[in-house]
Amino acid sequence: MSRGFACIAACLLLTLTSGCSGGWNVPADANTLRNPVSMNAETIAAARELYIANCQKCHGVNGDGKIPPDATYFYSTKPTNFTDARRVDLMSDGEIFWKMTNGRKPMPAFKSKLSNEQRWELVNLIRVFAHPEGAPK
Ligand code: HEC
């Protein structure tokens, strides 16, 4: 199979699996990234603090994608609901990490705002939002 065709096929698949929102153009090698941060009570607690400070105003108190009802802002693109396990399960850790790193309007890029370690901690927290039963005690 030619490289060009493989690329077109991959892009098509990406568009389909992301519910036709597409357009993130996550490079395939993002999927090969391994999360170096283990999920435990300490790293999740650290991620919750980061989440409250950086993500909650758009992605909601419980990661459900609901901005506060009294908010005076809204976004043309709905912030992702991380409690939608089917959607979150479709993404590799590396893909979530890459999206957080690079952003896509109105989702900000956190490449320079948060360290690599902090962004990996947040990847684990997104998994917990999707599967609260798997939260470390
Ligand atoms: C200003 C509002 C805003 C803030 C702050 C924000 N996001 Fe987002 N985020 C969005 C929007 C809107 C989308 C959907 C973008 C799209 O699909 O084009 C999104 C998408 C994402 C996605 C991709 C989900 C998917 O299904 O493709 C991830 C992962 C994510 N955000 C994580 C975070 C994390 C972690 C933080 C905090 C460090 C954060 N976001 C802060 C608005 C925001």
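The values are calculated or read from the model by the stated rules, or taken from the named source; none is laboratory data. Since the model is a prediction, treat every value here as computed from it, not as a measurement. For neighbour counting, all protein chains shown are included, and Cβ atoms are generated from backbone atoms with ideal geometry for every residue, glycine included. Side chains included, ligands, DNA and RNA excluded: accessible areas come from the protein's heavy atoms. Shrake-Rupley method; radii C 1.70, N 1.55, O 1.52, S 1.80 Å.
For the reader, a short list of remarks on this structure follows.
- Qualifying residue in region 8-21 (condition: in contact with a helix residue (DSSP H, G or I) (Cβ under 8 Å, 6 or more places away or on another chain), modelled with pLDDT of 55 or more and at positive phi): no
- Identity of the residue in region 43-78, closer than 22 Å to residue 116 by Cα and part of a loop (DSSP other than H, G, I, E, B), that ends up most open to solvent (accessible area, probe 1.4 Å): 55
- The single condition among (1) open to solvent by less than 40 Å² (accessible area, probe 1.4 Å); (2) touching a Gly at 6+ places or on another chain (Cβ under 6 Å); (3) farther than 17 Å from residue 64 by Cβ; (4) not β-branched (Val, Ile, Thr) that residue 109 does not satisfy is (1).
- Of the set (1) open to solvent by 60 Å² or more (accessible area, probe 1.4 Å); (2) within 26 Å of residue 29 (Cβ to Cβ); (3) more than 7 Å from the ligand (Cβ to nearest atom); (4) part of a loop (DSSP other than H, G, I, E, B), all apply to residue 82 but (1).
- When restricted to residues that are part of a helix (DSSP H, G or I), more than 7 Å from the ligand (Cβ to nearest atom) and either aliphatic (A, V, I, L, M) or more than 10 Å from the chain's Cα centre (by Cα) (or both), region 96-119 contains 4.
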